[in-house]
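We did not get these values from a lab; they are worked out from the coordinates using the rules stated. Predicted model, so just to flag it, every value in this text is computed and none were measured. Here the Cβ positions follow ideal geometry from the backbone for every residue, glycine too, while neighbour counts run over all protein chains shown.
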Amino acid sequence: MKDILPDLCDLYPKHIQIADPIFQDFGGRDNFHGEVVTVYCFEDNSRIRELVQTPGKGKVLVVDGGGSRRKALLGDMLAEKAAANGWEGVVIHGAVRDVAAQAQVNLGLKALCAHPMPTEKKGLGEVGKTLSFAGIVIVNGDYIYCDANGILVAKQPLALP
């Protein structure tokens, strides 16, 4: 594992936002970064299902699930689909499930918690919406950097140390 966030904080203190430390690591990758694709969905992962089936090389899916801890927005099958399509990682302001299986998938994954209950599929959600959670504001097209130290967001790509 490589710590990238402390160095980025040292190099770019005026150009970054740091998320409140409320997320846990669930994926098979220790650190990940990329251009943000945002989606807002509350207890319905229909839009996530659609997005992970598209090419995601160099991108991180950032999901505002309204902080719900009652239904899991991402399980092992969608995580495997995201990894197969090149997504760097997923950050979820909500819950995930199938955590033992997800730990084996080559995908960065941060979420609030694990919960075994799946979501309903009603086709709800909004892609490209500006998100606000964990003390930060994330705009579609921002850049996100994640490791065991937390989550950092910037308006432009940052040179990694």
- Add +1 for every Lys or Arg and -1 for every Asp or Glu among the other residues with Cβ under 14 Å from the Cβ of THR130, and state the total. -1
- Nearest 5 is fine: what % of DSSP beta bridges in the range 2-110 come out antiparallel, could you say? 10 percent
- Item | Residue-averaged 222 nm ellipticity for the chain, from DSSP H runs of 4+ at -39500 (n - 2.57), nearest 500 | -4000 deg cm²/dmol
- So, relative contact order of the chain in percent, Cα under 8 Å, 6 or more apart, is 35 percent
- For the range 90-161 the mean separation of alpha carbon contacts under 8 Å (6+ apart) over residue count, i.e. relative contact order in percent, is 20 percent
- Task: Using only Cα atoms, locate the centre of the range 74-92 and the centre of the range 37-62, then give the distance between them in Å, rounded to an integer.
- Result: 9 Å
- Enumerate the lysines that LYS57 could reach by cross-link, defined here as Cα to Cα under 25 Å, with residues fewer than 8 away along the same chain left out. LYS2, LYS81, LYS110, LYS129, LYS155
- Residue by residue through the range 9-19, the couplings from Karplus 6.51 cos²θ - 1.76 cosθ + 1.60 with θ = phi - 60°, in Hz, x for Gly and Pro, are 5, 5, 7, 10, x, 8, 10, 9, 10, 10, 6
- Query: Quick one: putting +1 on the C-beta of Lys and Arg, -1 on the C-beta of Asp and Glu, what dipole do you get for the chain around its Cα centre, in Debye to the nearest 20?
  - Reply: 380 debye
- When the Karplus curve 6.51 cos²θ - 1.76 cosθ + 1.60 is applied with θ = phi - 60°, which whole-Hz ³J(HN,Hα) does each residue of the range 140-154 get, with x for Gly and Pro? 3, x, 5, 10, 10, 10, 9, 8, 5, 7, x, 10, 10, 10, 9
- Relative packing of 4-16, 101-113, which averages over residues the other C-beta atoms within 10 Å, highest first: 101-113, 4-16
- Note on the structure: For the chain, the charge dipole (Cβ of Lys, Arg +1; Cβ of Asp, Glu -1; about the Cα centre) points to a positive end, and the Cα of TYR145, TYR12, GLY58 closest to that extreme belongs to GLY58
- Item | For the chain, diffusion coefficient by Stokes-Einstein and Kirkwood Rh (Cα), 25 °C, 0.890 mPa s, µm²/s | 161 µm²/s
